[in-house]
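The values are calculated or read from the model by the stated rules, or taken from the named source; none is laboratory data. All values derive from a computational prediction rather than experimental measurement. Cβ atoms come from the backbone with ideal geometry, glycine included; neighbour counts cover every protein chain shown. Note: areas computed on protein heavy atoms with side chains; ligands, DNA, RNA excluded. Shrake-Rupley method; radii C 1.70, N 1.55, O 1.52, S 1.80 Å.
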Amino acid sequence: MEEKFTGSIAVIGLGYIGLPTAVALATGGIEVVGVDVNERIVGAVARGEVPFVEPDLAIGLSGAVSMERLTATTKVPEADAYIIAVPTPFADDHQADLSFVRSAVEEVAPRLHAGAIVILESTSPPGTTESVSRWIAELRPDLLGPHASEGVPDYYVAHCPERVLPGRIMVEMVTNDRVVGGVTHACAVKAAAIYKVFCQGKLVLTDAASAEMAKLTENAYRDVNIALANELSLICEDLRLDVWEVIRVANHHPRVNILTPGPGVGGHCIAVDPWFIVGASPEQSRLIRTAREINDHKPHHVAQQVIRKTERFRNPTVACLGLTYKANVDDLRESPALQIVEDIAHALPDLDLRIVEPFTTELPAELRDLPNARLQHASEAIEDADIVVLLVDHDHFRSLSRNWLEGKVVYDTRGIWR
Ligand code: SAJ
């Protein structure tokens, strides 16, 4: 394996993955330039301020900025390595939208010098990294790409998917094993030298397409397992059984570990990535597609259940606790809780709807125009409520007094108040 990397690095995309990666590299002594098209994010990072909630990121960022190891800009600079960590959303047909990756490559290509490496971190369908190598070759016909020859190329390209868990990013970025997939083996070796700067886990070298597919497989594995838990919750509801009790007991088997049912699966990873597999091989992806459908249906089911519970009351007040996609993060992307609140509000426009979300100070755009929805503290919202719906298992909600729930209809989608 190559010696530790000592050159300069540009990290393109300062989101949930790009920014922590930039901070980890800068903390490891590398000169890092963070790049983003969003001037507000660039301004915040340049001042050493974190634009989103993630434990331990703020301290790392302010240290890296004050030591002048990390700077931020909207323009891609010349660097020895480029890490692309931009979003790869899916289009309406569930195919991956690679336009942000393409734009990043178009910014990088003119500045690429001989011997530089381009690493794609964004989750992508198999073949994307090789496409990046080809796109660069089209934009820079003067350079020989690694896909084109077995000889020494002018630039290197690799895929190093991130696997960090939001809420534990700064820990897992250092301790997790890291998959490093090269367009050629030399590309993987060169990329691995960069991750060696901060990664204490194993660096697992492979080819680029296997790395891409492995990343998608990891999230599909979790999605399928959560879908089993969510399907069990529907079955148990139908059979009037307590799903939490059933799972608790079943999990005493030495080879059974059923995950936790909930209001659905959100976030920008597990709710998205399995679709890239379905998009790449639609005929063969039956289980993965079904799991996605089960998890995507769950928020609508929860909303219907809440609507049914309101029928017992003349002018009910409903308190919904939590909007984010999971506990203790401020991220609303693909959030089932948000979907549920939207479903309820649209079905019952006159409902007195109280929303509690400790990680925000204002309602998101999707809910702002609803005349009867308001953001409140837990105590006020619960006090006035006839029905309390727990949607996110934030620590804040776990610590609430159970006495507050007395006399209320309680619908706990996370099973924390059993
Ligand atoms: N959820 C359940 N039941 C469970 C576990 C999770 O309903 O038993 C729900 C959560 O509430 C949330 C969603 O699933 O809505 C996803 O949450 P998560 O904590 O399982 O995962 P993410 O999306 O925050 O992060 C995942 C991780 N992937 C895996 O664990 C395989 C992380 O390691 C990846 O780096 C990340 O996706 C990513 O960026 O791909």
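A few points about this structure:
- The residue that is nearest to Ala220 (Cα to Cα), among those in the range 259-305 that are of a type in the set (D, E, K, R) and open to solvent by less than 10 Å² (accessible area, probe 1.4 Å), is Asp273.
- Any hit, the range 64-83, residues being closer than 16 Å to Phe198 by Cα, touching an Asp or Glu at 6+ places or on another chain (Cβ under 8 Å) and touching a residue at least 60 places away in the same chain (Cβ under 8 Å): yes
- Conditions (1) modelled with pLDDT of 95 or more; (2) away from the ligand (no atom under 16 Å from the Cβ); number of the one not met by Gly262: (2)
- Check on Ser103, over 30 Å from Glu293 (Cβ atoms) and at pLDDT 95 or above: yes
- Count - residues of the range 28-50 that are closer than 18 Å to Leu203 by Cβ and buried (at least 21 other Cβ atoms within 10 Å of the Cβ): 1
- Arg255 vs. criteria in contact with a Pro (Cβ under 9 Å, 6 or more places away or on another chain) and either more than 11 Å from the ligand (Cβ to nearest atom) or open to solvent by less than 10 Å² (accessible area, probe 1.4 Å) (or both): no
- Residue within the range 348-364 that is out of contact with any Gly (no Cβ under 8 Å at 6 or more places or on another chain), within 15 Å of the ligand (Cβ to nearest atom), modelled with pLDDT of 95 or more and open to solvent by 20 Å² or more (accessible area, probe 1.4 Å) present: yes
- Failed criterion for Glu172 (all others in (1) without any contact (Cβ under 8 Å) to a residue 40 or more places away in the chain; (2) under 30 Å from Val50 (Cβ atoms); (3) touching a helix residue (DSSP H, G or I) at 6+ places or on another chain (Cβ under 7 Å) hold): (3)
- Residues within the range 180-224 that are closer than 30 Å to Lys298 by Cβ and β-branched (Val, Ile, Thr), tallied: 2
- Qualifying residue in the range 195-211 (condition: touching a strand residue (DSSP E or B) at 6+ places or on another chain (Cβ under 7 Å) and either modelled with pLDDT under 95 or within 12 Å of the ligand (Cβ to nearest atom) (or both)): no
- Among residues of the range 239-252 being of a type in the set (A, V, I, L, M, F, W, C) and free of Cβ contacts under 8 Å to residues at least 12 places away in the same chain, the one that is least open to solvent (accessible area, probe 1.4 Å) is Ala250.
- Listed by position, the strands (runs of 3 or more DSSP E) inside the range 303-405 whose residues that are among the aliphatic types (A, V, I, L, M) number at least 3 are 317-321, 352-356, 387-390.
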